[in-house]
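Structure first, then comments.
No value in this document is a laboratory result; all are computed from the given coordinates. As the structure is a prediction and not an experimental result, all values here were calculated from the model. Quick reminder, even Gly has a Cβ in these numbers, built from the backbone with ideal geometry, and neighbours come from all protein chains shown.
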Amino acid sequence: MKVRSLSIEGLLIIEPRVFEDDRGYFMEPFNERTFKEATGLSVDFVQDNESGSVDNTLRGLHFQVPPAQQGKLVRASRGAVLDVAVDLRVDSPTFGQHKAVVLSAENKLQFWIPPGFAHGFLTLEENTIFNYKCTGFYSQENEVSLRWDDPDLGIDWGIENPVISEKDRNAPLWSSFDSPFTL
């Protein structure tokens with residue numbers, strides 16, 4: 001497993017070892033011991049989620065506030081996504097900044113997003129399947145969304161009219177958000 005830190009502290013790109021031959025490939029998307037050795041992080045994943053989406057579907061920007069915050073290890077097992085994490089930690093030098101990465105079934109990359117980040121993704125291919133390993137259980141009463149197209153966040157999704165839920169279309173703006181997260 002290779003791990004690459006990004007310009008926003010806490011965000012990691014994880015490249016699992018892939019063994020390929022004439023039959024196809026084999027990989028371990030997650031191994032607790034290998035993950036801990038490679039990242040220095042000890043995490044307990046308590047829930048796996050999977051979504052299937054048509055092309056140009058945008059889901060996000062979502063997160064859960066304390067005491068139900070979640071870290072997420074995400075990947076695309078079919079298709080591809082533009083995956084985005086926004087730093088919500090008020091004492092972070094990158095507060096309000098985002099990082100976008102392409103995750104695909106082809107590149108097999110994974111993105112570690114610790115608690116304190118909003119998360120969203122845009123599908124880049126038809127019938128994309130997206131997988132999440134979460135460190136906290138889903139909590140509807142602690143779930144918060146931010147507008148995907150908020151000009152203050154300045155995320156270039158590369159699309160003007162994605163397929164989007166009513167909840168995400170009407171999510172509040174960054175300027176109205178009072179973050180409970182710290183480093």
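Key figures for this structure:
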{"quantity": "Nonlocal amide H pairs with ARG89, under 5 Å, H built at 1.01 Å", "calculated": "GLY96"}
{"quantity": "SER145, SER176 arranged by Cβ crowding within 10 Å, fewest neighbours leading", "calculated": "SER176, SER145"}
{"quantity": "Cα-based Rg and Dmax for the range 47-97, where Dmax is the largest Cα-Cα distance (Å)", "calculated": "13.3, 37"}
{"quantity": "Neighbourhood net charge (13 Å Cβ-Cβ; Lys/Arg +1, Asp/Glu -1) for GLU20", "calculated": "0"}
{"quantity": "Neighbour net charge for ASP44 - beta-carbon separation under 15 angstrom, K R +1, D E -1", "calculated": "+2"}
{"quantity": "Extension gain (nm, one decimal) between SER176 and ALA38, 0.36 nm per residue minus Cα-Cα", "calculated": "45.9 nm"}
{"quantity": "Length-normalised contact order of the range 2-176 in % [C-alpha pairs under 8 Å, at least 6 apart]", "calculated": "29"}
{"quantity": "Part-to-part distance (alpha-carbon centres) for the range 101-178 and the range 34-69, which is given in Å", "calculated": "11"}
{"quantity": "Exposure rule at most 16 other beta-carbon atoms within 10 Å, DSSP loop GluC sites (Glu not before Pro): the chain longest free segment", "calculated": "10-105"}
{"quantity": "Exposure proxy ranking, count of Cβ atoms within 10 Å, fewest first, for VAL144, VAL74, VAL86, VAL18", "calculated": "VAL18, VAL144, VAL74, VAL86"}
